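Readers should treat all values here as calculations from the given coordinates under stated rules, not as data from a laboratory. Worth saying up front: this structure is predicted, and the values here are computed from it rather than measured. Glycine gets a Cβ as well: all are built from the backbone with ideal geometry, and neighbour counts include every protein chain shown.
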Amino acid sequence: MKRILIIEDEKPIAELERDYFELHGFAADLVHDGAEGLQQALSGGYDLILLDLNLPGFDGLDVCRAIRDKLDVPILIVSARDEEIDKIRGFGLGADDYITKPFSPSELIARAKAHLGRYERFTSRAVQTGQDQIKVRELVIDRTSRRVYVRGEEVLLPAREFDVLAFMAAHPNRVFSKEELFERLWGLDSAGDIATVAVHIRRVREKIEAVPSNPQFIETVWGAGYRFTV
Ligand code: CA
């Protein structure tokens, strides 16, 4: 049985969400504030986190980032207003989806199932031959030796290009904005230019893709960023 953690301070909404999930065969736990929610998310072994953005005390944005730093689990953000969602999409929080209140129960369940399915597909299709090796189709990334093989041939990637590829491959099918990649891989305090992200992606493609102009691994998602596709 899949386990859902609901972090939502408005108890009637949280209970309604829990009821929807339970009705559809999920187990769901409720937490009503951000600090407790974060703690519960990190310790609880959940399959999906439903996170309200407007939480008292501990901001939902910070909770999302903190969970994403530690866990590879679908995070669905719930928020009250469309315009707020437009704004937060650009923040690069690492959330998987955004749902606006009020939402229909069927939409909530459908989206949750879609994201759970996506994570499962990755687990079954990308063969993790070892803890530090990622194998996707004809691409093998060895994170211990920092070596990359394409169709059995080693390709040489400078350190930062390797970091870009290894990071994206470790988070398959998730869209990362340029800003988020820059923040994660170059660091917030880096003086670099955000345009460097696209340059690195292009160089990685030239090395791993059979046809770099039609990439099969690192795809461009127009208006949103890049996705490592499994
Ligand atoms: Ca709230």
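List of remarks:
- Links that overshoot a 25 Å alpha carbon limit, given the list Lys11/Lys70; Lys11/Lys101; Lys178/Lys207; Lys70/Lys101; Lys11/Lys113: Lys11/Lys70; Lys70/Lys101
- Rounded to 5, the percent of DSSP beta bridges in the chain classed as antiparallel: 55
- Magnitude of the charge dipole, the chain, Cβ model with Lys/Arg +1 and Asp/Glu -1, debye to 20: 1140
- Helical mean residue ellipticity (222 nm; -39500 (n - 2.57) per DSSP H run of 4+; nearest 500) of the chain: -13500 deg cm²/dmol
- Overall Cα dimensions of the stretch 141-230, principal axis frame, Å, largest first: 37, 28, 20
- Taken about its Cα centre, the stretch 3-117 carries a charge dipole of roughly 300 debye when the Cβ of each Lys and Arg holds +1 and the Cβ of each Asp and Glu holds -1.
- Among Ala159, Leu55, Gly192 - extreme Cα towards positive end, dipole of the chain, charges at beta-carbon: Ala159
- Scattering curve values for the chain, log₁₀ I(q)/I(0), Debye with Cα scatterers, q = 0.08, 0.11, 0.15, 0.17 Å⁻¹: -0.32, -0.60, -1.04, -1.23
- Extent of the stretch 3-117 along its three principal axes (Cα atoms, max minus min coordinate, largest first): 33, 31, 28 Å.
- Each of the peptides 216-226, 134-144 was scored by the mean count of other Cβ atoms within 10 Å over its residues; in descending order, highest first, they stand as 134-144, 216-226.
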